[in-house]
Structure formats: C-alpha cells, structure tokens
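Undergrad: Here it is: the structure, laid out below.
The values are calculated or read from the model by the stated rules, or taken from the named source; none is laboratory data. None of the values given here were measured: they were computed from a predicted structure. All Cβ positions, even for glycine, are placed from backbone atoms using ideal geometry, and neighbour counts span all protein chains on display. For the accessible areas, the whole protein counts, side chains as well, though only heavy atoms, and no ligand, DNA or RNA atoms are used. Shrake-Rupley method; radii C 1.70, N 1.55, O 1.52, S 1.80 Å.
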Amino acid sequence: MSPSTLPPTAPARIVLVALTRHGAAQAATLARAWPDAHVCVAAKFADALSACGDRVRAYHGAFKDEVGALFAGYDQIVFFVSLGAVVRLIAPHLKSKDEDPGVLVIDDAGEFVIPVLSGHVGGANECALRIAEVLQAVPVLTTASDAVKTIPVDILGRELGWRVEAPKLNITRVSAHVVNGEPIAFVQEAGRLDWWTRPTPLPANIHCYDMLEEVDLDRYAAVLWVTRRPVADDLWQRLSERLVVYRPPLDPRPST
C-alpha cells in the first residue's frame, strides 16, 4: 500500500478539525489522502482547503460552539490542536464509550497521532494507525491491550462479524486478566481462523483449544469461547466473571 493514500474502509463519518493556519495546512495534507473525510476549519484559514470543495465546513466565532454538532454528526473527530485544549473542549459532551465518537489529536509538528477517546469501541485506535501511516507519524496507543499487543477482549473479531456475549463486568474482569498476562484459555469451535491480525505472535499466556471439553477450567484465569453452542446457566455460574463468549456469523469455518 502506498504511504500517501489511505485504503477504503467501512463507511464512517470522519472530520478533520483545524483551529490554526498550520493546522489547516496539515488537515489539507491528510484530506488529500482521505477523500471521504470532511474538514472543519476556522473561516479565516479555509483558503488552505479550497481543493477540498464541499467537504469543508468553515466556521465563524468560537469553536466551542461547534463541538456538539461534531459529536452528533461524526464517528471520528481528528483534531490538529493541543491535547489539553481538546480535553477541555470535549469534556462537556462526554456520555459513554458506547456513544461517544472516536477523538484523536495530532500534534503541531505532525509527529504523533494520539487517540484520546473511544479507542477500542469507537475505533479511534484503528483510525490512528491509518493516519500515522499516511503522515509518517507515530501512533500513541495507550489502551492496555494495544500497548502490550494482546487480545482486545471487548472487540475481538468485530471486523469478522463476531458478536460478544457476556455481562459487561465479565468483559472488564477478563480484559484485566488478559493484559496482566494471566493464563487464558482461547477456545475456538466456530468462525474464521484469521482473527489474530497483529504483526506480533500471540502472547504466551493465551492457550488455544478446539473444544471446551479439552480445557481444565480450573487452570485458567479466564476463558474466551468462540462458539455457536448454547451456554448453560451452570457454566456461567461456575466460571462466574471469568467467561466471555463470541458468536461468529453463520459462514463456513476454513479448514486451514
């Protein structure tokens, strides 16, 4: 893939936000490589983005008055401004990780891309990786599973259509076991086998099985189970907060 062009993705509403002339120039560079992204820029700097045509939203007055509409209208908001300023701007609009858009910050020198909000569920981490490749910048991922390059329990298999089935408390507790390097049983009875997409090997604390019956459940801090089988109530009770189940779509499982 060319470093100057972003690949297409599933439809997402993306806006690049520039509050300064230098930021507008950086936004213009990224907008050229990302033709489906909109741009929000102070009207006095909009001339830097003339090539973007009707993708540009030029605002007048205080930018804080624009933030609510951006939160409601976009899935990813990419700011070319300081991290501290972004935190203050978005604070009044925060709801929950299931509702908030992904928010990212790119520093004034264009050296770092920092997901600030909704890194996993909102997709900001993935967005940061794509932007960093185009700008030749460093993605700064602070989400624990990304930092230690292990399984993201809450979104595992999302790009493959897997649906997570577990109480939120289970997801929280199991995620902690995973990132802390405790022994984890990964049982895959269904779904595609190409779920591990990181360039690094699967961490040593993840132990893979083909069937749940092969697992000594008392040996493991948690169990990740990819299956289409029903989960009995007594299994949920036995494993308490140690079980997360994934439901893949009804597509054939590859043999290799």
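Undergrad: Quick one: would you say Gly191 is out of contact with any Gly (no Cβ under 7 Å at 6 or more places or on another chain) and among the small types (Gly, Ala, Ser)?
TA: no
Undergrad: Could you grab the pairs with beta carbons closer than 8 Å, sequence gap of 6+ or different chains, first residue in segment 159-171 and closer than 22 Å to Cys127 by Cβ and acidic (Asp, Glu), second one assigned to a helix (DSSP H, G or I) and modelled with pLDDT under 90?
TA: Within 8 Å, no pair qualifies.
Undergrad: Can you name the condition, by its number, that Ile106 falls short on among (1) open to solvent by 30 Å² or more (accessible area, probe 1.4 Å); (2) modelled with pLDDT of 85 or more; (3) in contact with a strand residue (DSSP E or B) (Cβ under 6 Å, 6 or more places away or on another chain); (4) within 26 Å of Phe71 (Cα to Cα)?
TA: Checking Ile106 against (1) open to solvent by 30 Å² or more (accessible area, probe 1.4 Å); (2) modelled with pLDDT of 85 or more; (3) in contact with a strand residue (DSSP E or B) (Cβ under 6 Å, 6 or more places away or on another chain); (4) within 26 Å of Phe71 (Cα to Cα), the one that fails is (1).
Undergrad: Right, another one. Which one of these is of a type outside the set (D, E, K, R), assigned to a strand (DSSP E or B) and out of contact with any His (no Cβ under 8 Å at 6 or more places or on another chain): Trp196, Trp236, Trp225?
TA: Trp225
Undergrad: Given the options Thr9, Thr29, name the one that is of a type in the set (Ser, Thr, Tyr), at pLDDT below 85 and surrounded by 12 or more Cβ atoms within 10 Å (Cβ to Cβ).
TA: When all the criteria are applied, what remains is Thr9.
Undergrad: Taking segment 201-218 as the region of interest, how many residues are open to solvent by 70 Å² or more (accessible area, probe 1.4 Å), at pLDDT 95 or above and either in a strand (DSSP E or B) or more than 26 Å from Gly161 (Cβ to Cβ) (or both)?
TA: Adding up the residues that qualify gives 2.
Undergrad: Report whether or not Asn170 is surrounded by 20 or more Cβ atoms within 10 Å (Cβ to Cβ) and either of a type in the set (Ser, Thr, Tyr) or more than 15 Å from the chain's Cα centre (by Cα) (or both).
TA: Criteria met by Asn170.
Undergrad: Identify, by number, the condition in (1) over 11 Å from the mean Cα position of the chain (by Cα); (2) part of a loop (DSSP other than H, G, I, E, B) that Val121 doesn't meet.
TA: (1)
Undergrad: Still on this model: Among the listed residues Asp100, Asp154, identify the single one that is part of a loop (DSSP other than H, G, I, E, B), closer than 30 Å to Val244 by Cβ, in contact with a helix residue (DSSP H, G or I) (Cβ under 6 Å, 6 or more places away or on another chain) and touching a residue at least 24 places away in the same chain (Cβ under 8 Å).
TA: One residue alone meets the criteria, Asp154.
Undergrad: Can you name the residue in segment 188-200 that is in contact with a Leu (Cβ under 8 Å, 6 or more places away or on another chain) and either more than 17 Å from Lys149 (Cα to Cα) or among the small types (Gly, Ala, Ser) (or both) and is also most open to solvent (accessible area, probe 1.4 Å) among such residues?
TA: Arg192
Undergrad: Quick one: Ala185 ticks every box in (1) closer than 22 Å to Glu214 by Cα; (2) in a loop (DSSP other than H, G, I, E, B); (3) open to solvent by less than 20 Å² (accessible area, probe 1.4 Å); (4) free of Cβ contacts under 8 Å to residues at least 60 places away in the same chain bar one, so which box is it?
TA: Ala185 satisfies all of (1) closer than 22 Å to Glu214 by Cα; (2) in a loop (DSSP other than H, G, I, E, B); (3) open to solvent by less than 20 Å² (accessible area, probe 1.4 Å); (4) free of Cβ contacts under 8 Å to residues at least 60 places away in the same chain except (2).
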